[in-house]
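Below you'll find the structure, written out as structure tokens, and then a few comments.
The values are calculated or read from the model by the stated rules, or taken from the named source; none is laboratory data. What you see is a predicted model; the values in this text were computed from it and never measured. A quick note on method: Cβ atoms are made from the backbone with ideal geometry, for glycine too, and the neighbour counts reach across all protein chains shown. These area figures cover heavy atoms from the full protein model, side chains too; ligands, DNA and RNA do not enter into them. Shrake-Rupley method; radii C 1.70, N 1.55, O 1.52, S 1.80 Å.
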Amino acid sequence: KNHLSSFFSFIKEERKKERKKREKMRGDGEEEIAFSVSDLSYSLSSSSLSSSSSSTTTTTQRNVSVIKGEESFKKKLDETKGKQLVVVNFGASWCKHCHKLSPSVFDEAEKYPNSEFIFTDVDLLPETAKFMRWTPTVGIYKFGRKVDEIEQCKIRQLKDRVWLWSDLKETRFESRG
């Protein structure tokens, strides 16, 4: 009995040490990436957003924008129907995976300047996001049509799908009506 209780005490102490070590790393070593569409507080290393009170905000990159609200989202999709590829990152301010994916979206936006990249928060788009089960979800649109959706999107999936859909030609979509 004594050995068993000392074993559990040891395990508890080790867990406390690990927890403190992770907290210390988060505070000192890790770069903070804040994703909040509602107040536009992005602190990304590759790009910073210009703060604005409007429902659509563009970044220093011309092909990246932040959408807040259903009307703005529908309007932006209508504006980008002529674009070959539109990538929409449906994230959330409380989602840690969304924070990790954000810099990769900016990197892809640099690689594909003829495409449009949109950041939006699922909490601000209740109608559009009501059928989404996971964050981050990335929607891919070609010439105004949704052609792909990646739930629980990982960085590798984002890069692969953007590459795949950016290379497909317009004629495949015109013939389907």
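Pairs are defined by a Cβ separation below 8 Å, a sequence spacing of at least 6 or placement on different chains, a first member in the stretch 135-147 that is free of Cβ contacts under 8 Å to residues at least 24 places away in the same chain, and a second member that is surrounded by fewer than 22 Cβ atoms within 10 Å (Cβ to Cβ) and not in a loop (DSSP other than H, G, I, E, B); the pairs so defined are LYS146/GLY139; LYS146/ILE140.
Selection of the stretch 87-112 for residues being among the basic types (Lys, Arg) and not in a helix (DSSP H, G or I) yields an empty set. Across the stretch 57-79, the qualifying residues are those that are closer than 23 Å to SER166 by Cβ and modelled with pLDDT under 85, and the one among them that is surrounded by the most Cβ atoms within 10 Å (Cβ to Cβ) is THR59. Residues that are of a type in the set (Ser, Thr, Tyr) and within 16 Å of GLY139 (Cβ to Cβ) within the stretch 92-103 comprise just one, SER102. Each residue in the stretch 100-148 was checked for being open to solvent by 60 Å² or more (accessible area, probe 1.4 Å) and more than 12 Å from VAL86 (Cα to Cα), and 11 of them qualify.
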